[in-house]
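Worksheet: one structure, shown below.
The values are calculated or read from the model by the stated rules, or taken from the named source; none is laboratory data. This one's a predicted model, so the numbers in the text were calculated from it and none came from an experiment. Using ideal geometry, Cβ is built from the backbone for each residue, glycine included, and neighbour counts are taken over all protein chains shown.
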Amino acid sequence: MKIWDISRTLSNNLAEWPGDEPFHYRLTKEIAKGQTVNLGAIMMSVHNGTHADARFHFDPKGGSIDKAPLDIYLGRATVVDLAQSFLQSKEKQLITTEDLQPQAEDIAATSRLLVKTGRWSESTVFPNQIPVIAADVPAWLQKNGVKLLGLDLPSMDEIDSKSLQNHHALARVGIAIVESLDLGEVAPGIYNFAALPLKIADSDGAPMRAVLWRD
C-alpha cells in the first residue's frame, strides 16, 4: 500500500510565521558524549509545519484542540489540484467556487477537501503573499457537506490579515481547518486521509502527521 506523507518536515530550517516561535530541536543527551541514549527536546509554536487550528486560536470563547472530535480528521478526502491555474496566472489570488465546482460531486461524497495551490513549495522560505478562499466558499462548502478544509498554505487568510475573516467564516459553518500541508507529490482525486492533532490541553492548535492512502 502506497502512503503519501503530506506533512511538512519539522526542522530547524523550517520558516515560521513572522514573529512566531520558531521550531528548534536539540539533543540534551548524546551517546557520543558518554550518555546511554540520545535524547531530544523541542521548542516550537503549535502552528509550525502542518497543523490543525482550534477555534480558540481566533475566538477566545472557542474550543481548544484537545476537545476537537477526531472523526473529522480521519476519513475520505478529495484533493483538488489548482496549481496549474495559479502557475499560469500570477495575478490569481483567490480559490473560488468556480475552481471547485468541477469536483463538487467528489467533494460532497468525501466531506473533506484538500486544495493544492503550489504557491508554497519551499518550506524554508515564508511566503510574502498567498492565495485565499473567496468569501462565498465557506457557504458553498457547507452546502456540499464539507467538514474539513486543508490547504498547502500557512493560513486561510492573507498574511497581513487582522480580522481572520475566513477563519471565522469557516468556523461559523462548522468546518475544521488544516494548514501548511505538503501536496507537492499528490495527484487530484479521492484518498483516505488521516491527520490527528496532538492532544494538547487548552491549546489553540496542534501539529499533526498528515497522510493519504488508497485501498
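Odds and ends about this structure:
- Given (1) part of a loop (DSSP other than H, G, I, E, B); (2) within 12 Å of the chain's Cα centre (by Cα); (3) of a type in the set (A, V, I, L, M, F, W, C), index of the condition Ala195 fails: (1)
- For the range 48-79, a residue qualifies if it is in contact with a Ser or Thr (Cβ under 7 Å, 6 or more places away or on another chain), assigned to a loop (DSSP other than H, G, I, E, B) and either acidic (Asp, Glu) or on the phi < 0 side of the Ramachandran plot (or both), and the qualifying residues are Thr50, Ala54, Ser64.
- Just one of the listed residues (Leu141, Leu149) is in a strand (DSSP E or B) and surrounded by 20 or more Cβ atoms within 10 Å (Cβ to Cβ), namely Leu149.
- The residue list Lys162, Lys92 contains one member that is assigned to a loop (DSSP other than H, G, I, E, B), over 18 Å from the mean Cα position of the chain (by Cα) and either in contact (Cβ under 8 Å) with a residue 60 or more places away in the chain or crowded, with 16+ Cβ neighbours inside 10 Å (or both), which is Lys92.
- When restricted to residues that are crowded, with 22+ Cβ neighbours inside 10 Å, more than 18 Å from Leu87 (Cα to Cα) and among the β-branched types (Val, Ile, Thr), the range 118-138 contains 1.
- Remark: Tyr25 matches the filter, which requires a residue to be aromatic (Phe, Trp, Tyr), exposed (fewer than 14 other Cβ atoms within 10 Å of the Cβ) and at pLDDT 95 or above.
- Tally of residues being over 16 Å from the mean Cα position of the chain (by Cα) and touching a residue at least 40 places away in the same chain (Cβ under 8 Å) across the range 95-122: 8
- Search result, residues across the range 166-192 that are assigned to a helix (DSSP H, G or I) and in contact with a helix residue (DSSP H, G or I) (Cβ under 8 Å, 6 or more places away or on another chain): Asn166, His167, Ala169, Leu170, Ala171, Arg172
- Filtered residue count, the range 125-138, keeping only those that are assigned to a loop (DSSP other than H, G, I, E, B), in contact with a helix residue (DSSP H, G or I) (Cβ under 8 Å, 6 or more places away or on another chain) and β-branched (Val, Ile, Thr): 0
- Among residues that are over 21 Å from Ile159 (Cβ atoms), touching a Leu at 6+ places or on another chain (Cβ under 8 Å) and buried (at least 16 other Cβ atoms within 10 Å of the Cβ), Arg112 is included.
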